[in-house]
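**Q** What follows is a single structure, and I will ask about it in a moment.
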Amino acid sequence: MMQLLEAVSRWAIPFLLCLFLVLGWVRRVPVYEAFIKGAAEGFQTAVRIIPYLVAMFVAIKVFRESGAMDLFARIGAPFLGLLGIPPDILTLALMRPLSGSSALGIATEIIRTYGPDSFAGRLASVMQGTTDTTFFVLTVYFGSVGVRRYRHAVALGLLADLTGLIASLFICHLLFNP
Amino acid sequence: MLNLIWLCLILAGVVVAAGNGRIDIITETFFSAADEGVKVCLDLIGLMTLWLGMLEVARQAGLIRILARLVRPLAVRLFPEVPPEHPALGAIIMNISANILGLGNAATPFGLKAMEELQKLNPRPDTASDAMCTFLAANTSCITLVPATIIGVRIAAGSVNPTEIVGPTIFATGFSMAFVLLLDSLWRNFIKTRRRVF
């Protein structure tokens, strides 16, 4: 099962590329010209999201580098300690919706420090795969089309992360009971 | 809401840094973060260009329409205001599939394309439509089959069983996706009934 899943993810992109091109050729699409036409939008879209991404990165980095995030994590840690959750996990949970690369860094640290097969290591692994960089997605996706009022999308995205966290905690306690 | 979160993140950072007597860190971070934001966008240019080119080939070949037709029964429930076989649905499917397979890099261009198509249907261009909110919810809570990056980290750290977290990840993401999509549909019904009352 695992080998199958890994093979699927390794073959997905080469398969997609060939499927698109061969199908296009069979359907008499001028493949090269069609590619150029679509690709021309790529640059503009990437440039259009610059202001949104800069705004997000500034806020996240200031929050993190100033030590404000560590402070929040330290305030919450005693409560989570009662549930048997290591304090570092809280830092990961706070960082995850904000920045993918920082969260991956924290998860890697936890896995190295506690060991990949420890409860904290397994929980960090599941959490990393379960939640998403909601703020990045919101900012970039809405920013690219100029939507400024996000309505309930922010709440839904953050609730998705929170549910993912609680579900990870539940399943890890069930399977890898510390 | 995002206005408030953004403001709080920055103010909390400045206050804590001042309290720690390390206020100079703020200035430094401001500039380096701005730099980093631009760099991420520049990195995205290549990927965006490549995938949007491929997507156009797929669209002209009719593949996107076929995909949209396949998921039509599900799509009409999740996105009632998007016409069946609209190109937005094709792009949404591609984005969700890339997320399920853990191909984060390919997911972003498809997602941006989906947003662009949804924006064409949006009566108020500065405000997120219901379909956009549903799409964002599905995207951020999406089921993950292969969390490839974290499996790599576990292998590097010498785990006895690096892939044992796959099952729990599928469970947790499946649960959060179902829950968030349910909340989204409840929210839509709530808005609809409220409009009817007033």
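The values are calculated or read from the model by the stated rules, or taken from the named source; none is laboratory data. Note that the coordinates shown come from a computational prediction; the quantities given were computed from them, not determined experimentally. Counting neighbours? That spans all protein chains shown, and the Cβs are built from the backbone with ideal geometry, glycine included. These accessible areas exclude ligands, DNA and RNA; they are computed on the full protein's heavy atoms, side chains included. Shrake-Rupley method; radii C 1.70, N 1.55, O 1.52, S 1.80 Å.
**Q** Over chain B, what is the relative contact order in whole percent, taking alpha-carbon pairs under 8 Å and six or more residues apart? Don't skip to the answer; put the middle values down first.
**A** Values: 153 pairs, mean separation 29.7, N = 198.
Result for chain B is 15 percent.
**Q** Can I ask one more? Quick one: accessible area per residue over the protein assembly as shown, 1.4 Å probe, rounded to a whole number of Å²? Intermediate results must be reported in sequence, preceding the final value.
**A** Numbers: 17680 Å² over 376 residues.
For the protein assembly as shown, the per-residue accessible area is 47 Å².
**Q** Along segment B:115-128, what does the Karplus equation 6.51 cos²θ - 1.76 cosθ + 1.60 (θ = phi - 60°) give for ³J(HN,Hα), rounded to whole Hz, x for Gly and Pro?
**A** Values, residue by residue: 4, 4, 5, 5, 5, 5, 9, 7, x, 10, x, 8, 10, 5 Hz.
**Q** Another one. Which of the aspartates and glutamates could a cross-linker bridge to residue A:37, judged by Cα under 15 Å and excluding same-chain residues fewer than eight apart?
**A** Once the sequence-local aspartates and glutamates are set aside, what remains near residue A:37 is B:56.
**Q** Can you give the mean number of other chain Cβ atoms that lie within 10 Å of the Cβ atoms in peptide A:97-109? Before the final figure, lay out the partial values.
**A** On the way: counts 1, 2, 1, 2, 2, 0, 0, 3, 0, 0, 4, 7, 0.
That average works out to 2.
**Q** Name the residues whose placed amide hydrogens come within less than 5 Å of the amide hydrogen of residue B:127, ignoring near sequence neighbours (fewer than 5 apart) on the same chain.
**A** Answer set, sorted by chain and number: A:148, A:149.
**Q** Right, here's the next one. Most mobile of A:32, A:150, A:141 per a Gaussian network model of chain A (Cα springs, under 10 Å)?
**A** Of A:32, A:150, A:141, the most mobile in the Gaussian network model is A:32.
**Q** Quick one: grab the alpha carbon gyration tensor of chain A, order the square roots of its eigenvalues as a ≥ b ≥ c, and give me rounded if a/c is under 1.5, else prolate or oblate depending on whether a/b is larger than b/c. Can you show the working numbers first?
**A** Values: a/c = 2.72, a/b = 1.52, b/c = 1.79.
Here chain A falls in the oblate category.
**Q** Next question. With a 1.4 Å probe, what is the total accessible area buried between chains A and B, in Å² rounded to the nearest 100?
**A** Working: alone 12600 and 13450 Å², together 17680 Å².
Approximately 8400 Å² gets buried when A meets B.
**Q** Do you know the relative contact order of segment B:82-198, to the nearest whole percent, from alpha carbon pairs under 8 angstrom that are 6+ apart? Mind dumping the intermediate values first?
**A** On the way: 102 pairs, mean separation 28.9, N = 117.
Relative contact order for segment B:82-198 comes out at 25 percent.
**Q** Take every residue in peptide A:68-76, count the Cβ atoms of other chains within 10 Å of its Cβ, and give the average of those counts.
**A** Values: counts 12, 4, 1, 5, 2, 0, 0, 0, 0.
For peptide A:68-76, the averaged partner shielding equals 3.
**Q** Could you tell me which of rounded, prolate or oblate describes segment B:1-84, using a ≥ b ≥ c as the square roots of the eigenvalues of the alpha-carbon gyration tensor, with rounded for a/c under 1.5 and, failing that, prolate when a/b is larger than b/c and oblate otherwise?
**A** oblate
**Q** Related question: Could you look at chain B and say what percent of its accessible area is carbon and sulfur, using a 1.4 Å probe and all protein chains?
**A** Values: 6230 of 9290 Å².
On chain B, the fraction of accessible area on carbon and sulfur atoms equals 67 percent.
**Q** Next up: In whole Hz, what ³J(HN,Hα) sequence does segment A:62-67 give by Karplus (6.51, -1.76, 1.60; θ = phi - 60°), x for Gly and Pro?
**A** Coupling constants for segment A:62-67: 4, 4, 7, 5, 5, x Hz.
**Q** Now for a separate question. Viscosity 1.306 mPa s, temperature 10 °C: what is the translational diffusion coefficient of segment A:90-178 from Stokes-Einstein with a Kirkwood Rh over Cα pairs, rounded to a whole number of µm²/s? List each step's numbers first, then the result.
**A** Details: Rh = 13.8 Å.
Once the numbers are plugged in, D ends up at 115 µm²/s.
**Q** Got a sec? Which residues of segment A:136-159 lose 40 Å² or more of accessible surface with every protein chain in place, vs. that chain alone, 1.4 Å probe?
**A** A:141, A:142, A:145, A:147, A:149, A:151, A:152, A:154, A:156
**Q** Expressed as a whole number of Å, what is the distance separating the alpha-carbon centroids of segment A:1-57 and segment B:118-146?
**A** First find each Cα centre; the distance between them is then 20 Å.
**Q** For the protein assembly as shown, take N as its residue count and report Rg(C-alpha) divided by 2.2 N^0.38 Å. Could you put the intermediate results ahead of the total?
**A** Working: Rg = 21.1 Å, N = 376, 2.2 N^0.38 = 20.9 Å.
Compactness ratio reported: 1.01.
**Q** Per-residue counts of other Cβ atoms within 10 Å, averaged by peptide: what ranking do you get for B:133-145, B:22-34, highest first?
**A** Working: B:133-145: 24.9, B:22-34: 14.9.
Peptide ranking by packing, descending: B:133-145, B:22-34.
**Q** Which one of B:10, B:44, B:168 has its Cα pushed farthest toward the positive end of the charge dipole of chain B, where Lys and Arg give +1 and Asp and Glu give -1 at the Cβ?
**A** Farthest towards the positive end: B:168.
**Q** Work out from phi, with θ = phi - 60° and the Karplus expression 6.51 cos²θ - 1.76 cosθ + 1.60, the ³J(HN,Hα) of each residue of segment B:44-49, listed in order in whole Hz, and give x for Gly and Pro.
**A** 6, 4, x, 4, 4, 4
**Q** Among A:42, B:137, A:116, flag the residue with its Cα farthest along the positive direction of the charge dipole of the protein assembly as shown, charges on Cβ as +1 for Lys/Arg and -1 for Asp/Glu.
**A** Checking the options against the dipole of the protein assembly as shown, the answer is B:137.
**Q** Using the alpha-carbon centroid of each, what span in Å lies between segment B:161-188 and segment A:110-153?
**A** One Cα centre to the other: 13 Å.
**Q** For A:166-172, what's the mean count of beta carbons from other chains sitting within 10 Å of each residue's beta carbon? Write out the running numbers ahead of the final one.
**A** Details: counts 4, 9, 8, 1, 4, 8, 3.
Going residue by residue through A:166-172 and averaging, the value is 5.
**Q** In addition: Suppose a student asked you for the relative contact order of segment A:67-176, using Cα pairs under 8 Å spaced at least 6 residues apart; what percent would you report?
**A** Values: 101 pairs, mean separation 25.8, N = 110.
Worked out over segment A:67-176, it gives 23 percent.
**Q** Now a separate question. Under the rule a/c < 1.5 gives rounded, and otherwise a/b versus b/c splits prolate from oblate, where does segment B:42-196 land using the Cα gyration tensor?
**A** Details: a/c = 2.12, a/b = 1.33, b/c = 1.59.
It is oblate, given that a/c is not under 1.5 and a/b is not larger than b/c.
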